[in-house]
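Visitor: Quick one: the structure is below, and I'll ask about it shortly.
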Amino acid sequence: MASKKTAVANPVTFELPLTLIDKIEQARAKRGLKSVSEVIRVALEQFNYAAYQVARVEQRQISVRLPDVLKKNLQRQARLKRTSAGELLRAAIDHLPAAGAKKKR
């Protein structure tokens, strides 16, 4: 006779904003759940994947030439800020002064 095996729960790591962490804790307390994992399982079991529309910003990959000192600084700053070099690059472009503004020296 075959015996029933229980499903193995493997750990999965997600990075979430603190607002969602707070929401998870509130849901855990209100529903009387014992763990964060239980909240996530309930959320995923009840989620309507078919109705969800992913908001995507159209992007294009570019390749640029950077002097070593600038590239290393970008990578260092990304590590210090705990973000990606791409995120810092997007922020730098967003903060680029309008045409005609003088470059800081």
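No lab work stands behind these numbers, since they all come straight from the coordinates. Note that the coordinates shown come from a computational prediction; the quantities given were computed from them, not determined experimentally. Methodologically, a virtual Cβ is constructed for each residue, glycine included, from the backbone with ideal geometry; neighbour enumeration extends over all protein chains shown.
Visitor: Can you pull out every residue in segment 23-45 that is within 18 Å of Ala7 (Cβ to Cβ) and acidic (Asp, Glu)?
Guide: Glu38, Glu45
Visitor: Something else about it: Given the options Glu25, Glu87, name the one that is of a type in the set (Asp, Glu), more than 17 Å from the chain's Cα centre (by Cα) and either in a helix (DSSP H, G or I) or surrounded by 10 or more Cβ atoms within 10 Å (Cβ to Cβ) (or both).
Guide: When all the criteria are applied, what remains is Glu25.
Visitor: Same structure, new question: Residues of segment 40-67 being more than 28 Å from Gly86 (Cβ to Cβ) and not in a loop (DSSP other than H, G, I, E, B), which ones?
Guide: Arg41, Val42, Ala43, Leu44, Glu45, Gln46 - these are the residues of segment 40-67 that are more than 28 Å from Gly86 (Cβ to Cβ) and not in a loop (DSSP other than H, G, I, E, B).
Visitor: Still on this structure, I have one more. Residues of segment 54-83 being of a type in the set (S, T, N, Q), surrounded by 10 or more Cβ atoms within 10 Å (Cβ to Cβ) and within 21 Å of the chain's Cα centre (by Cα), which ones?
Guide: Gln75, Gln77, Thr83
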